[in-house]
1. Just to confirm the number: angle between the C-alpha axis of helix A:32-46 and the first principal axis of chain A, 0 to 90 degrees, nearest 10?
2. Give me the inter-chain shielding for B:140-149: mean count of other chain Cβ atoms within 10 Å, whole number please.
3. Taking a 24 Å limit on the Cα-Cα distance, which of the listed pairs B:K86/B:K167; B:K28/B:K167; B:K28/B:K185; B:K28/B:K120 fall beyond it?
4. Counting only trypsin sites (Lys or Arg not before Pro) that are in a DSSP loop and have at most 16 other C-beta atoms within 10 Å, tell me the longest site-free stretch of chain A.
5. For A:65-75, what's the mean count of beta carbons from other chains sitting within 10 Å of each residue's beta carbon?
6. Against the longest alpha carbon principal axis of chain A, how many degrees, from 0 to 90 and to the nearest 10, is the axis of helix A:56-103 turned?
7. Averaged across A:96-106, how many Cβ atoms of other chains sit within 10 Å of each residue's Cβ atom?
8. Please give the length that would be gained between A:A88 and A:V112 if that part of the chain were fully extended, namely 0.36 nm times their separation in residues minus their C-alpha to C-alpha distance (nm, one decimal).
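All of the numbers you see were taken from the coordinates with simple rules; none came from a lab. Only a predicted model underlies this, so the values are computations on that prediction, with no experimental measurement involved. Here the Cβ positions follow ideal geometry from the backbone for every residue, glycine too, while neighbour counts run over all protein chains shown.
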Amino acid sequence: MNHLPFENWLLNDMPMTSEQQRELDVHLRNCSYCSALVETGRLLNTTKMAVPAAGFTMRFQSRLATRKIEERRRKLLGALLFVLGGSALVMWITAPYVLSFLAAPSTWISVVVSWLIYLETTLVALLNAGFVIFTVIPKFMPPFVWMVLISAFAGVSLLWSVSIWRFVRAPQGV
Amino acid sequence: MNDENAWVTQAQQGSDEAFTQLVETYQKPVYNLCYRMLSEPEAAEDAAQETFLRAYQNLHRYDNSRSFGTWILSIAAHYCIDRLRKRKFSVFSLDVEDEDGMPFELPDPDSPNPETESGKREDRDRLHLLLKDLDATDRAAVIMRYWYDYSEVEIAQSLNLTVSAVKSRLHRSRRALAEMWQSEKSRAYPERRSRESLAF
């Protein structure tokens, strides 16, 4: 049996003219599928709200209180484990150095001092090289290279800002 | 600013009393959605409670330009859909219904007589059972459409679907419900059906 257009009228809950209603009534006499469609539609439109047992809010408050306690306990346990684990890891990594430092402090002091001297000389050398590059290179660079560089920098900044905005935007529906 | 917006703002600032007002206001719609989705009063109660807890924990993520009702029903629908999907893989069936466990429904003030009301109640219970056979997302769409009068756009927003997907899900669900209803009827009244002319 051809259900069109009756099925469309029923599925879309379309308002019907009296002529359409008459046609539908005739069709329904012979079509159990469309009758079921009408009946289920009517039931869906008239079914009432189910309501929770009395005291829902009280039960929620007590569940919320329990959850808060659990949350606090979990956070405390997490912090404790983090501190203990971190301390153990630091002790495990530094134990050989600490022990050898305690055994022969003069060796360690000379190593640290030589490292500091190496760091300082490297930094000074890098700064000097950088200064030379920045004073010499701009003289050879045409203006369009500057424009390209500044545009690229602006583009990257924009991309970064948009990424941050998308990342922090509040999602819905949890 | 209306009461609801004020409660939401206060709750976002940490007021449990304001959030309690929101629970008081939305307990029925949230519970009804969970009950229609999960079909069991105990599971519905648990899901409704969990929905409010999730809303409480994620209140800072709520966009004030949107309706709080839509937001919380969206949380409830997603939670119930997840739960139904998990239940599919569960070994134990939770489908046992206890007549005494059925939740109280608001009485119909327009009911002409108790017999008619009882017949309607039976039909509604049968439809409620048929809803269980729909896909979880389809069921959520049907519930939002017919119990909450949500537009297709609102359903799409709540369930993260496109409007055309919502339309097709609603049509598919209505067809499925009608077919199940038809076969239920033919099982219940086989002699009447044999006298009827063929529909297809």
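1. Roughly 60 degrees between the two axes.
2. Shielding by partners across B:140-149 averages 2.
3. In this structure, B:K86/B:K167; B:K28/B:K167; B:K28/B:K185 lie more than 24 Å apart at Cα.
4. The answer is A:49-168.
5. Average neighbour count from other chains, rounded to a whole number: 1.
6. Once rounded, the angle reads 20 degrees.
7. That works out to 0 on average.
8. Taking 0.36 nm per residue and subtracting the Cα distance, the gain is 6.2 nm.
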